[in-house]
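Each remark here refers to the structure printed beneath this line.
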Amino acid sequence: LKNIYANVTGTIRVMVINRNCNNPQIEDAYLRLGTSKTGQTDNITSGGIFAHIDKESGKFGNAQIIKDHLLKKCEFHPDTDVKIEGTIPFWRETCEKIIEISKYIFPLEYMGFDIVITESGFKLLEINTHQELHRYPEYSNDVKEFFKKKCISQQKQSNSSPIQ
């Protein structure tokens, strides 16, 4: 990962949905890379890049960047001209541990794990409860269905609540 851009440690976001609080599944994952525009972060909305990670193999590619409020392909890093593709080290072990953690905190249904890959494995930075929804168009139909059911459920709750 340092070969692509070494000035900022790239982080990985792993989306987990724990339907019915008993079956956590990794639904989405992507690598975030900093650029000269992001300073010391890899923030996507500040000029960072994100690359889709295949949740089974750990291979990453199909990188994109936000320009003029639109997602644009970004095959090569704009500062290093290195192609943005590869395989995340320790991917299988990382996924197994994320699922294990998700089972431990089972009441949470929707989580975004931020991790960083090290020489010996991964480090968990934080767990987000409202992760980057601007990527909604990129999510699988299963993830979109999860959100749709949540919205319908919330709407039904709101409609059945007595007016205060």
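The values are calculated or read from the model by the stated rules, or taken from the named source; none is laboratory data. If you're wondering where the values come from, they're calculated on a predicted model, not measured in any experiment. No Cβ is skipped: glycine too gets one built from the backbone with ideal geometry, and neighbour counts run over all protein chains shown. When the accessible area is computed, the model is the full protein with side chains, heavy atoms only, and any ligands, DNA or RNA have been set aside. Shrake-Rupley method; radii C 1.70, N 1.55, O 1.52, S 1.80 Å.
Of the residues making up region 116-139, at least one is small (Gly, Ala, Ser) and within 18 Å of residue 60 (Cα to Cα). Residues considered: 67, 55. Of these, the only one that is out of contact with any Ser or Thr (no Cβ under 7 Å at 6 or more places or on another chain), open to solvent by 80 Å² or more (accessible area, probe 1.4 Å) and of a type outside the set (A, V, I, L, M) is 67.
Listed by position, the strands (runs of 3 or more DSSP E) contained in region 10-77 that have at least 3 residues being closer than 30 Å to residue 153 by Cα are 11-19, 23-33.
When you check residue 80 against the structure, is it loosely packed, with under 14 Cβ neighbours inside 10 Å and at pLDDT 85 or above, yes or no?
Numbers: loosely packed, with under 14 Cβ neighbours inside 10 Å: no; at pLDDT 85 or above: yes.
No: the conditions fail for residue 80.
Pairs are defined by a Cβ separation below 6 Å, a sequence spacing of at least 6 or placement on different chains, a first member in region 137-163 that is within 20 Å of residue 18 (Cα to Cα), and a second member that is modelled with pLDDT of 80 or more; the pairs so defined are 143/27; 146/17.
The set of residues in region 98-123 being within 14 Å of residue 16 (Cα to Cα), modelled with pLDDT of 85 or more and open to solvent by 70 Å² or more (accessible area, probe 1.4 Å) consists of 100, 103, 104. Considering the conditions (1) touching a Phe, Trp or Tyr at 6+ places or on another chain (Cβ under 7 Å); (2) modelled with pLDDT of 95 or more; (3) part of a strand (DSSP E or B), residue 94 is excluded by exactly one of them, (3).
Scan region 1-26 for residues that are among the small types (Gly, Ala, Ser) and loosely packed, with under 14 Cβ neighbours inside 10 Å and jot them down. Spell out how you get there, then give the answer.
Residues of region 1-26 among the small types (Gly, Ala, Ser): 6, 10.
Answer for region 1-26, where residues must be among the small types (Gly, Ala, Ser) and loosely packed, with under 14 Cβ neighbours inside 10 Å: just 6.
I'd like to know if region 27-36 contains one or more residues that are open to solvent by less than 60 Å² (accessible area, probe 1.4 Å), closer than 30 Å to residue 151 by Cα, basic (Lys, Arg) and modelled with pLDDT of 90 or more. Checking region 27-36: at least one residue is open to solvent by less than 60 Å² (accessible area, probe 1.4 Å), closer than 30 Å to residue 151 by Cα, basic (Lys, Arg) and modelled with pLDDT of 90 or more.
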